[in-house]
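A.B. asks: Shown below is the structure under consideration.
The values are calculated or read from the model by the stated rules, or taken from the named source; none is laboratory data. Note that the structure is predicted; figures quoted are calculated from it, not measured. Heads up, the Cβs are rebuilt from the backbone with ideal geometry, glycines too, and the neighbour counts pull from every protein chain shown. In case anyone asks, the SASA skips ligands and DNA or RNA and just uses the protein heavy atoms, side chains included. Shrake-Rupley method; radii C 1.70, N 1.55, O 1.52, S 1.80 Å.
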Amino acid sequence: MTSFGPRYCLGALCFVVGLGHASSMPVLTNSQYIEQVQIYQNQIAELASAPQKALGFRDSLPETLKVQSSRGDLSVDLNFLRDAMNRYLTATAQAKPDILANAGSRLKDMHAEAELYEQPGRTDDATRKRLDQILSAREFDRVQGPTALELFMQRVRAGITNLLRKISPRFPDLEDAGQWFVWGMIALAAAIVGVWFYRVSQQNMEDGKREILPFMPSSRNWREWLEDARARAAQGEWRDAVHFGFWAAVSRLESEGVWPPDKTRTPREYLNAIPVSSLSREPFAAMTRKFETSWYGSRPTTEADFAQFAAHLERLGCR
């Protein structure tokens, strides 16, 4: 393939090296190529007054135009024009003129550069040397064209887009769909992580509410638990008083055979073991809520809180 001079830089945007992809168009000479570009310009201009022809125009476009010239064989990528037509078909009436104007402007540049391409003396040695100096600067060290893999992925996306367009002309651009897909996957991953953190926190919370005693609550008489509760209350230690009072209730119910002894139960598991029809369930439920917020939730506990708690204890027979 031949290299291009600085005056051809604008036109080089649409001239790319072909990778052997077959085109429905025959190989064109440079003059035939100029005529074909002019035809596309005329068709773009015609869409302003006949927008119904846009779909047929888009479907008639090949992916590339093959051109034979004295400077080498070229492959002209027309995906920009196909993409413009895809946007035109789904754009609002206000946006359509701008899309046509941009496409027409690019075709006009292609037409002008193609006419200059075969002319001799497009560059001289001084100009080429200056261009080489510019391109050898540090800021251009990492500048490179698309890799073979990137070109392959572009063709895959273009092929999928064309297929979907045939199914529905209003299907969004694959690039936009890809961005939505990426953001959707990010949102899904964030949701999964959030659920995981929630479950871990809930598990830790449940573990924190599991107070394992070195003995069965009923192995110590409920009156001893109640005595400890009253002693702490006399000292104004209301949180500890609620703590001992709760185990006094557990010891009493367990000694009455409401549930089998198990020193690893959580307060909620004790509550769930009480039959719904039992008269003990309602006061024990109130005591359980108070105990959890006071002991595990570290919520400030007052004298009034313990007085209410002690009232529920009495309803269970702990006097």
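A.B. asks: Out of region 232-262, which residues are under 15 Å from Arg220 (Cβ atoms) and of a type in the set (A, V, I, L, M, F, W, C)?
C.D. replies: Hits for region 232-262 are Phe244, Phe246, Trp247, Ala248, Ala249, Val250, Leu253.
A.B. asks: Okay, next question. Filter region 22-55 for residues that are open to solvent by less than 70 Å² (accessible area, probe 1.4 Å), modelled with pLDDT under 90 and either in a loop (DSSP other than H, G, I, E, B) or in contact with a Ser or Thr (Cβ under 7 Å, 6 or more places away or on another chain) (or both) and give the result.
C.D. replies: Ser23, Met25, Asn30
A.B. asks: A further question on this structure: Kindly establish whether Phe244 is assigned to a helix (DSSP H, G or I) and in contact with a Pro (Cβ under 8 Å, 6 or more places away or on another chain).
C.D. replies: Here the answer is no, as Phe244 does not meet what is asked.
A.B. asks: I'm trying to understand the selection: among the residues of region 274-294, which are open to solvent by less than 60 Å² (accessible area, probe 1.4 Å) and either hydroxyl-bearing (Ser, Thr, Tyr) or under 22 Å from Arg223 (Cβ atoms) (or both)?
C.D. replies: Ile274, Ser278, Ser280, Pro283, Phe284, Ala286, Met287, Thr288, Lys290, Phe291, Thr293, Ser294
A.B. asks: Would it be correct to say that Gly18 is open to solvent by less than 50 Å² (accessible area, probe 1.4 Å) and either more than 20 Å from Ser105 (Cα to Cα) or at pLDDT 80 or above (or both)?
C.D. replies: Yes.
A.B. asks: How many residues does region 295-319 hold that are surrounded by fewer than 19 Cβ atoms within 10 Å (Cβ to Cβ), polar (S, T, N, Q) and not in a helix (DSSP H, G or I)?
C.D. replies: Summing the residues that are surrounded by fewer than 19 Cβ atoms within 10 Å (Cβ to Cβ), polar (S, T, N, Q) and not in a helix (DSSP H, G or I) in region 295-319 gives 2.
A.B. asks: Scanning region 87-123 for residues that are open to solvent by less than 80 Å² (accessible area, probe 1.4 Å), under 26 Å from Val67 (Cα atoms) and outside any helix (DSSP H, G or I), which turns out modelled with the highest pLDDT?
C.D. replies: Taking the candidates together, the pick is Glu118.
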